[in-house]
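**Student:** Pasting a structure here, questions to come.
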Amino acid sequence: MNNPPHFKGFRPIGLPEENNPVVINFEEYEAIRLSDFEFNGHVEAAQIMGVSRPTYTRIYESARRKVAQAFVLGKAIVFEGGKVYFDSEWYSCNKCGCWFNHPEKGEEIKNCTLCGSNDIEQYHQGPQSGSTDDVCICPTCGFEKVHLATTPCKNEICPNCNCPMIRKDTPHNKGVKNSNCN
């Protein structure tokens, strides 16, 4: 997923605001976007998301149930959280330990999106020889290759072990291991 939606949610018109909205995780939003907006089948959408087809189906069904609940009960929908990463700037909260991204580069980030603390800092790579921003790495065998700007690392396949690759030294990929690979 490149970035989250450019809005935080929806609310019904004509009803007073309530404090218990339906929360749709970003991976659920992405599942609805892939199947209902881009018309991908479950197998194709699962491949795009990098999950198994049964996992994709569970995510998609959960999202659709939540949308139905919001429509039928007149609840607001809020998009947040989940097990996703975005191709944008990353921040960490020194209070709660949350990692979060900030896709709106023109806006200054002031608070943690989880706890609201202003004790946050932008993620910067440590000093290394050369930039790793342009390197894809295999999480299984460590094979590295130059990142192609037109292809996400997860779409690159390691020639040694046939595993999907990840971007090197990014906070959302620390310690990632792909259980589908040798």
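The values are calculated or read from the model by the stated rules, or taken from the named source; none is laboratory data. What you see is a predicted model; the values in this text were computed from it and never measured. Note that each Cβ is placed from the backbone with ideal geometry, even for glycine, and that neighbours are counted across all protein chains shown.
**Student:** Please verify whether Ala63 is at pLDDT 90 or above and in contact with a strand residue (DSSP E or B) (Cβ under 9 Å, 6 or more places away or on another chain), treating the condition exactly as stated.
**Tutor:** So Ala63 passes the test.
**Student:** In the range 9-38, which residue that is loosely packed, with under 14 Cβ neighbours inside 10 Å and either of a type in the set (A, V, I, L, M) or not assigned by TED's automatic domain parsing to the domain that holds Ala63 (or both) is modelled with the highest pLDDT?
**Tutor:** Ile13
**Student:** Next question, about the same structure. So Phe86 ticks every box in (1) within 18 Å of the chain's Cα centre (by Cα); (2) assigned to a loop (DSSP other than H, G, I, E, B); (3) modelled with pLDDT of 85 or more but one. Which box is left unticked?
**Tutor:** The number of the failed condition is (3).
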